[in-house]
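Peer 1: Please read through the structure below; I'll follow up with questions.
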């Protein structure tokens, strides 16, 4: 629901000051496009595109910038995730950790207010997992974006601002 893919039967979802529960389907899509970044466990990258092209996609969908500006923004965020020298590679030439960094860059390229991560380290080895977790924490501090991460590897994230523990669909605790 927080990703605005489904409507709640009760309550509100407010993202960056916008009450998304009263919006039409197309307006919710606009909020998703501009205000929410998604990091998927399975990366969901397009294998026939380069690293840069995968990261450029969200900006191309918004359509407000020139091609040169879109490429510059993509290359800037790829530099922040340590992939500045990989922009022309096909994503299938990358390691799992590198592909997840591309997925993180794609989620952040349009500077969304909210970044949702669905088991963003689930398919990675322990070193790559720690690298991606450190990267998300650094970007959270630097870019002041809110990250909501769903994970079974709770201890791997160490100290975070808030942890909400769910069990069988109910809040079991807030730390």
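Peer 1: Determine the calculated [θ] at 222 nm for the chain from helices alone, applying -39500 (n - 2.57) to every DSSP H run no shorter than 4 residues and normalising by the residue count; nearest 500 deg cm²/dmol.
Peer 2: -12500 deg cm²/dmol
Peer 1: Over what distance in Å are the Cα centres of the stretch 9-49 and the stretch 137-153 separated?
Peer 2: Comparing the Cα centres of the stretch 9-49 and the stretch 137-153, I get a distance of 16 Å.
Peer 1: Using Cα springs under 10 Å in a Gaussian network model of the chain, which residue among 163, 50, 121 shows the largest mean-square fluctuation?
Peer 2: It is 163.
Peer 1: Go ahead and set up a Gaussian network model of the chain, Cα springs under 10 Å, then flag whichever of 105, 20, 68 fluctuates most.
Peer 2: Fluctuation is largest for 68.
Peer 1: For residue 92 and residue 118, what is the calculated FRET efficiency with R₀ set at 25 Å and r taken between the beta-carbons, to the nearest 0.05?
Peer 2: For R0 = 25 Å, the calculated efficiency reads 0.70.
Peer 1: Sticking with this structure for a sec: Under the 0.36 nm per residue contour assumption, what length would be gained going from the current alpha-carbon distance of residue 164 and residue 66 to full extension?
Peer 2: Taking 0.36 nm per residue and subtracting the Cα distance, the gain is 31.2 nm.
Peer 1: Report the calculated FRET efficiency for residue 44 and residue 150 (r = Cβ-Cβ distance, R0 = 22 Å), to the nearest 0.05.
Peer 2: 0.90
Peer 1: In Å, what is the Rg of the alpha-carbon atoms in the chain, and how long is Dmax?
Peer 2: Cα-based Rg and Dmax for the chain come out at 16.4, 48 Å.
Peer 1: Using a Gaussian network for the chain with springs between C-alpha atoms less than 10 Å apart, which of these wobbles most: 113, 153, 84?
Peer 2: 153
Peer 1: Provide the percentage of antiparallel DSSP beta bridges, counting only those with both residues in the stretch 14-174; round to the nearest 5. List each step's numbers first, then the result.
Peer 2: Working: 7 of 17 bridges.
Expressed as a percentage, antiparallel bridges in the stretch 14-174 total about 40.
Peer 1: Say R0 is 41 Å: what FRET efficiency, to the nearest 0.05, do residue 125 and residue 14 get from their beta-carbon distance?
Peer 2: Once the sixth-power term is evaluated, E becomes 0.65.
Peer 1: Checking a compactness column here: for the stretch 88-139, what do you get for Rg(Cα) / (2.2 N^0.38 Å), N being the number of residues?
Peer 2: 1.12
Peer 1: Hey, another quick one. At q = 0.11 Å⁻¹, what is the log10 ratio I(q)/I(0) for the stretch 83-175, with the Debye formula run over Cα points and no solvent?
Peer 2: -0.35
Each reported figure results from applying straightforward, stated rules to the coordinates on display, with no laboratory input. Just so it is clear, the model here is predicted, and its values are computed rather than measured. As a convention, Cβ positions derive from the backbone with ideal geometry for all residues, glycine included, and neighbour counts pool all protein chains shown.
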